[in-house]
Amino acid sequence: MTKICIITGTRAEYGLLVPLMEKIKRDPELELQLIVTGMHLSSEFGLTFKEIENKFVVNKKIEMLLSSDTPVGISKSIGLATISFSESLDELKPDILVVLGDRFEILGAVTSAMVLRIPVAHLHGGETTEGCIDEAIRHSLTKMSQLHFTSTEVYRKRVIQMGEDPKRVFNVGALGIDNIQNLELLSKNDFEKSIGMKLNKRNILVTYHPVTLEKDTALKDITNLLNVIDKLENTNIIFTGANSDTDGRIINKKIQDYVIKNKNKSVFFMSLGQLRYLSALQYVDCVVGNSSSGLIEVPSFKIGTINIGDRQKGRICGDSIISCENSENSLKSAFDKLYSHKFQKKLLNVENLYGQGGTADKIINTIKTFDLDKLLFKKFYDL
């Protein structure tokens, strides 16, 4: 039986991985191993490991987040993750490790796997996010991995450009699309009950994270955003929390203060969870912020995304994406465009550039075709 170990450190990444984990769990030829780390184990971020344990057996919990979200604190967390993952992976001895994305805790995990000679399958490689340290982490993970599952053909070609063998690089689409197809989403009434707020004539979902390559901009940026959305008429706002990157706490504190003063039209959740998040996309006019979800999953619901600043700069964007600077004037213009008749009409014909689903099956079927014992050996592929 092939042991496939999956690591999750954030609520967003876990939600994307669920369909893959469920299929591994049901496959008689495979054994799912699950390591939970990062924000999942933090009370500040909602102790989301409890949600995971309702569906899956967690083999290891790895505490690696320090109380500080400063650059030094994050750097120390990476070191702690590397130490802890080395011990856990050595004990579990998986046949292959599957990781998604570009988070700093995953960097520690894959570094450990590389030294322990455990092959790695990397999801969502080849993407660019020029405003974040995630950019460098993602490409580093690519070079330490042996199998690659990208979300578009453009990204597949970029991974090959980095010296990876084309025979090991597969365009399978975005895993998050599987959730949209598989989950039974909440009705409007049930969704309103779940968030404790009735929806308004207009509604927006806000997810804003730190731009980690910028210094000391978080307070100014979130203030600009709050000033603009506060002036929107007949609009309710659903906020989700920023992640544990540098200055994430500044953003969360500012949002929480706003919600306390505006309980009549806003709510805050550190984590909505995958079901409520996707259910919300049925009923809101747009997603506002700088999360990758706004570019990857949201277009499937034929609603707009206001993508703020440089955090996602370089990612492939469809016609439903309105990119703007983090200034009040630019944000106001973005909302004007969002609600314009021309843009709303265009949304009716939007197609998701990140695929149509079936990604989990493609990943599992591909992994099964490889001799995992021989995966570690790879040559640099020259174009």
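Values quoted throughout were computed directly from the atomic coordinates according to the rules given, and no laboratory measurement underlies them. Nothing here was measured: the structure is a model prediction, and the numbers come from that model. Positions of Cβ are backbone-derived with ideal geometry, glycine not excepted, and every protein chain shown enters the neighbour counts.
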Env charge @ residue 166, Cβ radius under 14 Å, K,R +1 / D,E -1, value +3
The answer for the net charge of residues other than residue 1 whose Cβ lies under 10 angstrom from its Cβ, with Lys and Arg +1 and Asp and Glu -1, is -3
Tilt, helix 328-338 to longest principal axis of the chain (alpha-carbon atoms), in degrees rounded to tens, equals 90
Hits in the range 108-149: amide N under 19 Å from the 7 Å Cα→Cβ extension of residue 361, namely 149
So the pair-distance distribution of the range 112-199, from every Cα-Cα distance in 10 Å bins, comes to percents of 16, 34, 22, 17, 11, 1
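How large is the translational diffusion coefficient of the chain in µm² per second when you combine the Kirkwood radius over alpha carbon pairs with Stokes-Einstein at 10 °C and 1.306 mPa s?
75
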Relative to the chain, whose Cα atoms define the longest principal axis, helix 218-230 and its Cα axis are tilted in degrees, nearest 10, by 40
Expected sort for 85-97, 325-337 on mean C-beta neighbours within 10 Å, highest first, is 85-97, 325-337
Least to most buried among 341, 209, 122, by other C-beta atoms within 10 Å and fewest first, runs 341, 209, 122
If one compares the long axis through the Cα atoms of helix 248-261 with the longest principal axis of the Cα atoms of the chain, the angle in degrees, nearest 10, works out at 30
Per-residue Cβ contact counts at 10 Å, fewest first, order 286, 324 as 324, 286
In this structure, the FRET efficiency calculated for residue 130 and residue 29 from their beta-carbon separation, with R0 = 30 Å, to the nearest 0.05, is 0.15
The equivalent-ellipsoid semi-axes of the range 186-347, taken as the square roots of five times the Cα gyration tensor eigenvalues and listed largest first in whole Å, are 21, 20, 15
Env charge @ residue 185, Cβ radius under 13 Å, K,R +1 / D,E -1, value -1
Taking r as the C-beta separation of residue 230 and residue 319 and R0 as 41 Å, the FRET efficiency to the nearest 0.05 is 0.90
Among 23/378; 193/342; 3/157; 3/25, the pairs whose Cα-Cα distance exceeds 22 Å are 23/378; 193/342; 3/157
For the pair residue 332 and residue 194, the simple spin-label estimate (label points 7 Å beyond Cα toward Cβ) gives in nm 3.6
Placing +1 on each Lys and Arg Cβ and -1 on each Asp and Glu Cβ in the chain, then taking the dipole about the Cα centre, the residue among 381, 200, 65 whose Cα reaches farthest towards the positive end is 200
Descending packing, highest mean Cβ count within 10 Å first, for 49-57, 373-381, 101-109 is 101-109, 49-57, 373-381
In this structure, among 55/188; 76/254; 143/337; 188/337, pairs with alpha-carbon gaps over 31 Å are 143/337
Burial-style ranking of 14-25, 294-305, average other-beta-carbon count within 10 Å with highest first, yields 294-305, 14-25
Short to long, in 5 Å steps from zero, the percent of alpha-carbon pairs of the range 221-313 per bin is 2, 12, 23, 27, 23, 11, 1
